[in-house]
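First up is the structure itself, then whatever we jot down about it.
Just so you know, all these numbers are worked out from the coordinates, no wet-lab data involved. No experiment lies behind these values; they were computed from the predicted model shown. No Cβ is skipped: glycine too gets one built from the backbone with ideal geometry, and neighbour counts run over all protein chains shown.
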Amino acid sequence: MNRRTWTACIGAFALAGAVTAHISSLEAQGTADPQRVVDAAYAKFKDLREGKNADYIPALAKVDPNLFGIALVTTDGKVYTAGDIKTEVSIQSISKVFTMAQVIQEQGLDAIEKRIGVDATGARFNSIIAVEGVKTVVGTGAPEMNPLVNPGAISATSMVTGSTADQVWSKIIGFHNDAAGRQLSVLQDVYKSESDTNQRNQAIGALMLAYGYIKANWQQAVDLYTRQCSIGVNAKDLATMAATLAAAGTNPVTNKQVLDAAKVPGVLAVMATAGLYDDSGKWLYRTGLPAKSGVGGGIIAVSPGKFGIAVVSPPLDDAGNSVRAQRAIADISNALGGNPLAARAKE
Ligand code: DON
């Protein structure tokens, strides 16, 4: 995606957010009953058996593929759920959104754009070819990468400030806790399993140091990145995190401001551009929603000014995105008028 398209994308979301921000609840907008819509999607997709658990991280292959939970949290803090919203899965790449947001919160929107970039790579999430591609533009001020693919995410984690690994970690987990509205913890079996098998991410970390994206201690960055990917979350946690972005950076359940409102559109723009990797365009075409998937089986999506939604269901498609989560979120959002690119016709 070139710079002009990106700018247009940001403008569209900022405008959509402004148009809808004054609406306080879905019901007030005269849409279908959210609970019925959520229940209908659960019933429709409950028996869908497409896709396969990720297995390149051995612990993920052991997660129950039948796990299926849906949660929707509105910007005025109402919660609608169906299925299993208690069982935790590892957050995986969805954490990339919140670590990026934390760096943006601390250091501003420019810091991420200049160091990592905010462009789709057009490659898989852990592509090393993409790293080789961007190194040619290091120092030109326009890296063609983003913080939602592994090289950009490991670099973003390295940008979180702190004089010890523990200090950096407590900021990372603290930001996730604030967005979820509760104390989260690391799923130790997933952390160990990924740490034992993440040689590819270690190679990416070393390359990012060599090419100047990571300034020092790539091993610490890879370890903290692996830890953040192993945070345990359920569908309700994820929906609350998405709703925090939908509600201009304030968690609508706890009312705590997590991210400055002015910084939210930049975060959503990167999600829209690269949140579902190679399939981000298809997803945006169908739903208009900034979203982010994780190989643990979660997907979050954000309807600015309206709601955050999340589905947990481990079986993934070839692009690494949960099959049931994509279908359920698209159905629910479209039934509730969630597409931020669709203006209402004049009455
Ligand atoms: O680094 C990895 O490969 C995983 N911790 C995260 C990958 C991921 O979730 C990609 N998402 N769809």
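Quick one: which residue in 245, 238, 207, 259 is within 16 Å of the ligand (Cβ to nearest atom), hydrophobic (A, V, I, L, M, F, W, C) and buried (at least 22 other Cβ atoms within 10 Å of the Cβ)? Result: 238 is the single residue among 245, 238, 207, 259 that is within 16 Å of the ligand (Cβ to nearest atom), hydrophobic (A, V, I, L, M, F, W, C) and buried (at least 22 other Cβ atoms within 10 Å of the Cβ). Residues that are assigned to a loop (DSSP other than H, G, I, E, B) and over 22 Å from residue 65 (Cβ atoms) within region 85-123 comprise 108, 116, 117, 118, 119, 120, 121, 122, 123, listed in sequence order.
Of the residues examined, residue 166 is not one that is in contact with a Leu (Cβ under 9 Å, 6 or more places away or on another chain), charged (D, E, K, R) and part of a helix (DSSP H, G or I). Checking residue 304 against (1) within 16 Å of the ligand (Cβ to nearest atom); (2) surrounded by 24 or more Cβ atoms within 10 Å (Cβ to Cβ); (3) more than 19 Å from residue 39 (Cα to Cα), which test does it fail? It fails just one condition, (1). Only one of the numbered conditions (1) crowded, with 23+ Cβ neighbours inside 10 Å; (2) part of a loop (DSSP other than H, G, I, E, B); (3) within 12 Å of the ligand (Cβ to nearest atom) is violated by residue 338, and that is (3).
Can you tell me which residues in region 80-99 are of a type in the set (Phe, Trp, Tyr) and away from the ligand (no atom under 16 Å from the Cβ)? Result: 80, single match.
For region 270-292, the count of residues that are more than 16 Å from the ligand (Cβ to nearest atom), closer than 25 Å to residue 187 by Cα and in a loop (DSSP other than H, G, I, E, B) is zero. The set of residues in region 43-58 being more than 16 Å from the ligand (Cβ to nearest atom) and of a type in the set (A, V, I, L, M) consists of 43, 48.
A count restricted to region 246-264 and to residues that are part of a helix (DSSP H, G or I) and either among the hydroxyl-bearing types (Ser, Thr, Tyr) or more than 21 Å from residue 334 (Cα to Cα) (or both) stands at 4.
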